[in-house]
Every structure is written in C-alpha cells, then in structure tokens.
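Okay, structure first, notes after.
Computed from the coordinates by the stated procedures, all read-outs in this text should not be read as laboratory data. Since this is a predicted model, take the numbers as computed values, not measurements. Virtual Cβ from ideal backbone geometry, glycine too; neighbours counted across all protein chains shown.
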Amino acid sequence: KQEVTQIPAALSVPEGENLVLNCSFTDSAIYNLQWFRQDPGKGLTSLLLIQSSQREQTSGRLNASLDKSSGRSTLYIAASQPGDSATYLCAVITDSSYKLIFGSGTRLLVRP
Amino acid sequence: NAGVTQTPKFQVLKTGQSMTLQCAQDMNHEYMSWYRQDPGMGLRLIHYSVGAGITDQGEVPNGYNVSRSTTEDFPLRLLSAAPSQTSVYFCASSPRQGALGTNSGANVLTFGAGSRLTVL
C-alpha cells in the first residue's frame, strides 16, 4: 500500500530564506506527483505536477524535483515571502484509477 | 466563473442524523471526487466519479453514498452520521482525465473551499 510522508510537519523561517520541503513515498511505481498549497479555511491549489519520467518542474520561485528510485520529492521555494505561509501537501497517483494519495502536509510560516 | 462550489460551509449534526453535502462545478469537468481531511492524516479519498452515471469507491467509503446524475453535481450523503465522520470535506474536479504519466492539465484537480462537519 502506497504511503506518503512529509517531514517536517511544521517549519518557520525568516523572510528571504530559501527553503526545501520534503515528500517521500513507499512505492516507486507512480504515474505522477503533485504539490498543492492550502491556505487556512480554504481548499487546495495545485502548484506543480511532475510526471513519472521527469526530474523536475519549475514555476516562478518554486522548483519541484522527483527521484522515483529513492521515493523522494522536494519542493524548493526561493526567496521566501510572508505570503508563502500556508500548508504544502504532496500527492501521488500510483495506478490507473487516478486516485491521489496525499501526505499530511508541512505547515510553513515565513516570518517578516 | 465559480469553479467548484460546496455547500454548506459549516454543519453540526447529532449522531444518527442524515444530511447531504452538495458539490457543483461549472467547468464541464468529467471527473469529480470527495475527500475528507483529518488532523495529521492528510486527505483521504471517499468516492469518485469519472462521468455522469458512474461512481466508484475510494479509500474510506464506508458510511457515505454518492450519485452522479448530471455532469455538474456530485452530492455526498451521510445516511446516519457518526462522531467519526467529524471532519472537513473537500470536493474536487478535473477535466476528462489525461493520459497517466503526462503533464496534461487534465490531471490537475480544482478543489472547493471545503465543508466543516461536526457530529455530536
């Protein structure tokens, strides 16, 4: 059974710092991996999708990498801003059913 | 462009009561799904639908029913609420599923704002 883990559960950094969020999964046979952002009291917003054959995807200050063989993905946020404060979740699809398996998220606080 | 709309946003029920969480999307998406989010456990898939008239079970389907009579609507029914169903519920949709393993936008989900349910 696929399990997705995100460590740490919470992270606090000063504004301007570059940071990395981690996601690990137990079954390397994934179709794709997605990173989401969730603001308090709101739904999830998709940030990046990495297909299984790719190594990384970039969008603005965000860069997501994927290493299937080790079962790991990282989300790199450059020059963090207070507006980046949110919970970040990763999720994988592992079979043809299109079911997303989510990690429990990392709650990020960027201090002004 | 409303996207995915969930109602109600908040609901308190007593054990044994029934209710329906509504989900509607105006993007003509074929795929719709319901998740529940509990502290420290991430989101777990309850039920999903790949098109009108087609539904299937997710990871935690017990205690919930769904139907998909139209492309736009995907209600989630709790027939006899239990305290274990206290959670935040999210509805999500996406266009007809793109080929797995591709970066097709069809694989990207649009989420509703959530419905917070408390069962006493």
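In peptide A:39-52, how many Cβ atoms from other protein chains are near each Cβ within 10 Å, on average?
5
For B:Gly58, list long-range residues whose amide hydrogen, built 1.01 Å from N in the peptide plane, is under 5 Å from its own amide hydrogen.
B:His47, B:Tyr48
How large is ³J(HN,Hα), in whole Hz, for each residue of the stretch A:37-53 in order, when computed from phi with the Karplus curve 6.51 cos²θ - 1.76 cosθ + 1.60 and θ = phi - 60°, using x for Gly and Pro?
Rounded to whole hertz, the list is 10, 10, 8, x, x, 10, x, 9, 10, 6, 9, 8, 10, 10, 7, 4, 8.
Residue by residue through the stretch B:67-82, what is 3J(HN,Hα) from phi via Karplus (6.51 cos²θ - 1.76 cosθ + 1.60, θ = phi - 60°)? Round to whole Hz and write x for glycine and proline.
Values, residue by residue: 8, 9, 7, 10, 5, 7, 10, 8, x, 10, 10, 10, 7, 8, 5, 10 Hz.
Lysine pairs in the protein assembly as shown 8 or more apart or on different chains: how many have alpha carbons under 20 angstrom apart? List each step's numbers first, then the result.
Working: A:Lys1/A:Lys68; A:Lys1/A:Lys99; A:Lys42/B:Lys9; A:Lys68/A:Lys99.
Lysine pairs meeting both conditions in the protein assembly as shown amount to 4.
In peptide B:110-117, how many Cβ atoms from other protein chains are near each Cβ within 10 Å, on average?
For peptide B:110-117, the averaged partner shielding equals 3.
Inside 10 Å of the C-beta atoms of B:43-55, what's the mean count of C-beta atoms belonging to other chains?
Mean shielding count: 2.
Each label point is 7 Å from the Cα along the Cα-to-Cβ direction; what then is the distance between the points at B:Gln57 and B:Thr15, in nm?
Going by the 7 Å Cα→Cβ label model, 2.4 nm.
Treating only the Cβ of Lys, Arg, Asp and Glu as charged (+1, +1, -1, -1), what charge dipole size does the protein assembly as shown show about its Cα centre? Round to the nearest 20 debye.
Dipole of the protein assembly as shown, to the nearest 20 debye: 340 debye.
So what are the ³J(HN,Hα) numbers for the stretch A:22-27, from phi and the Karplus equation (6.51, -1.76, 1.60; θ = phi - 60°), rounded to whole Hz, Gly and Pro as x?
Per-residue couplings from phi come out as 10, 9, 10, 9, 8, 10 Hz.
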